[in-house]
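Heads up, the thing below is written out as structure tokens.
Laboratory data are not the source of any read-out in this text; all were calculated from the coordinates shown. In this text the structure is predicted, and so the values were computed from the model without any measurement. Reconstructed Cβ throughout: ideal geometry from the backbone, glycine too, with neighbour counts over all protein chains shown.
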Amino acid sequence: MAAPPKKPHLRERYDERQREVLDTCAGVLARHGYHGTSIDDLIAATGLTRGGLYHYIGSKPELLSRVLADLMAPLLEQARPIVEGPDAPATAIERLRALTRLWMTHVEEHQDHVTVFLQERHTLEQDPSWDEVRGDRDAFEALLTTVLEQGVADGELRLADPGLTALGLLGMVNHSVVWFRRGGRLSAQQVADGFVDLLLGGIRA
């Protein structure tokens, strides 16, 4: 992948176009799978030449790594203030609800990326490029577990294993991409609240 331009106005245009290309390519990967997608498929979807495609995404492995990184890094950046920031919600239950709403909205806005993540994570797990994605994923899981542990410590929640509960909620939200559709019966916020209410029905002190 070629180095992006250094001049600010050119870099802004480059970043915007690269975002469009990555989103388009994520859609192709989500529909056909990593191994079922050829470079020619990506060229056809983006309207770029082979050289133009390389300019924005590099190789197929680089594309996959970037799609997954673009899913996790922004989510983690927005999640940290909810748990650790000075303006974080006052109670653990409020933090849990805010975190799940953010997360479910992220799923809504990045359905192709989440689908690729679920389908292809094992393709990259042995590759060094996966380390950053895995680090962000583990950090988000740790934030969620921290909120649940805070709830137990404050007497808001009753949990034998906060880590297990975090994994269960992770599974519910991540796999909602299989059935959730924007504009459907429930909004992303309603789905998030439904998941939290379902969880709290069994663990509220």
Task: Derived scalar couplings ³J(HN,Hα) [region 80-87; Karplus, 6.51 cos²θ - 1.76 cosθ + 1.60; whole Hz; x for Gly, Pro] - done: 4, x, 5, 9, 10, x, x, 9
Task: For residue 157, distant residues with modelled amide H under 5 Å away - done: 152, 205
Open item on the list: Through the Karplus equation 6.51 cos²θ - 1.76 cosθ + 1.60, θ set to phi - 60°, convert the phi angles of region 180-191 into ³J(HN,Hα) values in whole Hz; use x for Gly and Pro.
Closed with: 6, 9, 4, x, x, 4, 10, 7, 4, 5, 5, 5
Open item on the list: I'd like the FRET efficiency for residue 9 and residue 197, computed as 1/(1 + (r/R0)^6) with the beta carbon distance as r and R0 of 41 Å, rounded to 0.05.
Closed with: 0.30
Open item on the list: Please list, in order, the residues from region 149-184 whose amide nitrogen is less than 12 Å from a point placed 7 Å along the Cα→Cβ vector of residue 23.
Closed with: none
- [ ] Specify the angular offset, from 0 to 90 degrees and rounded to the nearest 10, of the alpha carbon long axis of helix 8-32 from the longest principal axis of the alpha carbons in the chain.
- [x] 80 degrees
- [ ] For an R0 of 35 angstrom, estimate the FRET efficiency from the Cβ-Cβ distance between residue 73 and residue 179 and round to the nearest 0.05.
- [x] 0.85
Open item on the list: Can you work out the Karplus-derived ³J(HN,Hα) for every residue in region 134-142? Use 6.51 cos²θ - 1.76 cosθ + 1.60 with θ = phi - 60°, whole Hz, and x for glycine or proline.
Closed with: 4, x, 5, 4, 5, 5, 5, 4, 5
